[in-house]
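Here is the structure we will look at, set down as structure tokens.
The values are calculated or read from the model by the stated rules, or taken from the named source; none is laboratory data. All values reported here derive from a predicted model rather than from experimental measurement. So basically every Cβ, Gly included, is an ideal-geometry build from the backbone, and we count neighbours across all protein chains shown. Keep in mind that these areas ignore ligands, DNA and RNA; they rest on the heavy atoms of the full protein, side chains included. Shrake-Rupley method; radii C 1.70, N 1.55, O 1.52, S 1.80 Å.
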Amino acid sequence: MIRTRIISTGFFVPESIVSNQDLERIVETSDEWIMERTGIRERRIADLSQAASDLAYEAAQRALKNAHLKPRDIDLVIVATCTPDMPFPSTACILQDKLGMKHAAAFDINAACSGFVYGLHIANSLIKTETHKRILLVGAEVLSRVTDWQDRTTCVLFGDGAGAVILEGTREKRGIISTHIHSDGSLGDLIMLPGGGSRFSCSRESILKKLHFIKMKGNETFKVAVRTLAELAARTLEENRLDPSQLSLLIPHQANLRIIQATATRLKLPVEKVFINIEKYGNTSAASIPIALDEAIRAGNVNDGEYILLEAFGGGLTWASALLKW
């Protein structure tokens, strides 16, 4: 039986850092308020010359270098993003061209913060059916372009970055054990970006109403996320006949420290089994899990034969998990 294995990772974040103290000068907030409610101390912000494909390119180059692979070795490029360079061509096609992957197909997916795990679900299916041999999957976001820097409830949350993985098939008893994707469109208004599509195209009115910025009902989203992620993690382990104690590491989407802590508490996971980097980067949406995975590997927190659980929750609403045996 063929399984899908992550053979390489890489990530990239912009150089510019916006700290909580910087935000104190922009909106009515404080470092203490932000840290207490989110766990975020700073976030990276892309230069105006940088788009999602630029961040994705840097992350992808690092993943290729770490795997000792050439562009010709990749036959499919998937980019998970809700902040693409433009509606079309896809950011994946732009990235494919930048990387010189002439023989690879390319497409984007948008499941907001769950996008990277949705991408794993798709890549896993394609590799297991031997439709594709080696896939580059990138989560890349430039959320600073759709953040209302006058809204103190949302501007403290988001950052920019990209994380990449390369996947291929293996006949070893390792790799992706299972993936699980879910959605509930009836709750779509909890996190949304109304403008820019065919519903509210760019106009003077849409700009004045700030429809091109992220809108979020924070308290409602928090409650749904805590309940959903705890249930998702428990169900993923149960379906694979694993006890939480057998899990070596939980790598959650880095949206809010309190959500992460609540999930860990419900699973009775000690803090050393949960990888957290939200303090440095904030919520980077589809990029957060691949960034965290790469950092966890380099920190020596991921070892052969260990069970790793990835889980995410985002706009749509969407939520997803992936259980890996490294």
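Would you check if GLY188 is open to solvent by less than 30 Å² (accessible area, probe 1.4 Å), under 24 Å from PRO14 (Cβ atoms) and either touching a residue at least 60 places away in the same chain (Cβ under 8 Å) or not in a loop (DSSP other than H, G, I, E, B) (or both)? Don't jump to the end; show me each part of the working.
On the way: open to solvent by less than 30 Å² (accessible area, probe 1.4 Å): yes; under 24 Å from PRO14 (Cβ atoms): no; either touching a residue at least 60 places away in the same chain (Cβ under 8 Å) or not in a loop (DSSP other than H, G, I, E, B) (or both): yes.
Spelling it out, it is not the case that GLY188 is open to solvent by less than 30 Å² (accessible area, probe 1.4 Å), under 24 Å from PRO14 (Cβ atoms) and either touching a residue at least 60 places away in the same chain (Cβ under 8 Å) or not in a loop (DSSP other than H, G, I, E, B) (or both).
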*Any idea how many residues of the stretch 311-326 are of a type in the set (A, V, I, L, M) and either without any contact (Cβ under 8 Å) to a residue 12 or more places away in the chain or over 14 Å from ARG5 (Cα atoms) (or both)?*
3
*With a cut-off of at least 3 residues that are aliphatic (A, V, I, L, M) and either under 26 Å from ILE122 (Cβ atoms) or in contact with a helix residue (DSSP H, G or I) (Cβ under 7 Å, 6 or more places away or on another chain) (or both), name the helices (runs of 4 or more DSSP H) lying wholly within the stretch 223-326.*
257-267, 288-298
*Given the conditions (1) open to solvent by 30 Å² or more (accessible area, probe 1.4 Å); (2) more than 21 Å from GLY119 (Cβ to Cβ), which single one is not true for ILE181?*
(2)
_First in the stretch 86-110 and surrounded by 18 or more Cβ atoms within 10 Å (Cβ to Cβ) and modelled with pLDDT of 95 or more, second anywhere and of a type in the set (Asp, Glu) and part of a loop (DSSP other than H, G, I, E, B), Cβ under 8 Å, 6 or more apart_ = THR91/ASP85; ILE94/ASP85; ALA104/ASP75
*Within the set of pairs 6 or more residues apart or between chains, which connect a residue that is free of Cβ contacts under 8 Å to residues at least 40 places away in the same chain inside the stretch 61-75 to a residue that is assigned to a helix (DSSP H, G or I) with Cβ atoms less than 8 Å apart?*
LYS70/LEU64; PRO71/LEU64; PRO71/LEU99
*If the Cβ limit is 7 Å and pairs must be 6+ apart or interchain, which residue in the stretch 1-19 that is closer than 28 Å to ILE40 by Cβ pairs with which residue that is open to solvent by 20 Å² or more (accessible area, probe 1.4 Å) and of a type in the set (A, V, I, L, M)?*
THR9/ILE297; PRO14/ILE45; SER16/ILE45; VAL18/ILE45
*Scan THR154, THR131, THR179 and give me the residue that is in contact (Cβ under 8 Å) with a residue 12 or more places away in the chain and part of a loop (DSSP other than H, G, I, E, B).*
THR154
*Please enumerate the residues belonging to the stretch 232-261 that are surrounded by 14 or more Cβ atoms within 10 Å (Cβ to Cβ) and farther than 28 Å from THR83 by Cα.*
ALA234, THR236, LEU237, ASN240, LEU242, PRO244, LEU247, SER248, LEU249
*asked:* Checking ALA264 against (1) crowded, with 20+ Cβ neighbours inside 10 Å; (2) within 14 Å of GLY163 (Cβ to Cβ); (3) free of Cβ contacts under 8 Å to residues at least 60 places away in the same chain; (4) not polar (S, T, N, Q): exactly one of these is not met. Which one?
replied: (2)
*Within the stretch 199-206, identify whether any single residue is touching a residue at least 24 places away in the same chain (Cβ under 8 Å) and open to solvent by less than 50 Å² (accessible area, probe 1.4 Å), and answer yes or no.*
no
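Can you tell me which residue among GLU172, GLU141 is more than 24 Å from GLU239 (Cα to Cα) and either in contact with a strand residue (DSSP E or B) (Cβ under 8 Å, 6 or more places away or on another chain) or part of a loop (DSSP other than H, G, I, E, B) (or both)? Let's see the steps before the verdict.
Numbers: GLU172 fails: more than 24 Å from GLU239 (Cα to Cα).
Checking each option against the conditions leaves just GLU141.
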